[in-house]
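None of the figures in this text is laboratory data; all of them are computed from the coordinates on show. Quantities reported herein were computed from a predicted structural model and do not represent experimental measurements. So basically every Cβ, Gly included, is an ideal-geometry build from the backbone, and we count neighbours across all protein chains shown.
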Amino acid sequence: MVVTPAAGVFLATTAVAAVVIVWLLIDRSRCATQAARNAAMLRAVPDLMFLQTRDGVYLDFHAFDTSVLLAPPEVFLGKNMRDVLPRHVLDIVEPMFDQLSKSDGPVVGEYPMEIAGETRFYEVRLFNHDDKVLTLVRDATERTRMAAALRASEERYALATMAGRAGVRLGRAPHAAHRYRDRARRRRRAEAPVHSPPTWKPHSTHVPRRSRPPTG
């Protein structure tokens, strides 16, 4: 078969197009695989993730369980955190945004939240992400409670140790008083002047004369 120049150009162009299509399909497959892998990794992360602007506007989020969100996505997406977060949480998070803008991060904080009549504690971490802020929120209630219980146990142990030492000192006090009195008594004896024994002279054996009878 004779291949004309035009046919050769067509075949070459077709081959190049086929290679490009195969490459695009492979790349799309790789992208799909990478996207599926990333999605699986995100699903395995229990933390709440929020993508925000530097000013605090919520752009996107990830939640393992949407029931733990403070508000539904349609309420906070596109809104500024100043319009969504409670005042006591905003007082903690807002200075963290200011600190992150002056450093490489991350910036870490913690805040309490009343949920279903129970006080829970959350750790928040801020990361620089290009010109945006990536916010990670983790439930740290159990860790905070364990740390508080450990501190309370250490304080009780310290108080018990101090009380035990005081009791030992009090129990030894009478014996110490006796020892002090004995030492003082021995000291007084040692410091007392030593008197030489008295010298006794024997009495003279003087026998009185018998009176003579009167004469005359």
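Before moving on, here are some points about what is shown:
- Treating r as the C-beta distance of residue 51 and residue 88 and R0 as 22 Å, the FRET efficiency rounds to 0.40.
- Equivalent ellipsoid semi-axes - Cα gyration tensor, the stretch 46-139, angstrom: 20, 15, 13
- Among 142-151, 98-107, the order from most to least packed when residues are scored by Cβ within 10 Å on average: 98-107, 142-151
- Other residues within the sphere of radius under 13 Å centred on the Cβ of residue 80, judged by their own Cβ, net out at 0 (K and R +1, D and E -1).
- For residue 79 and residue 156, the difference between the fully extended length at 0.36 nm per residue and the C-alpha to C-alpha distance is 23.0 nm.
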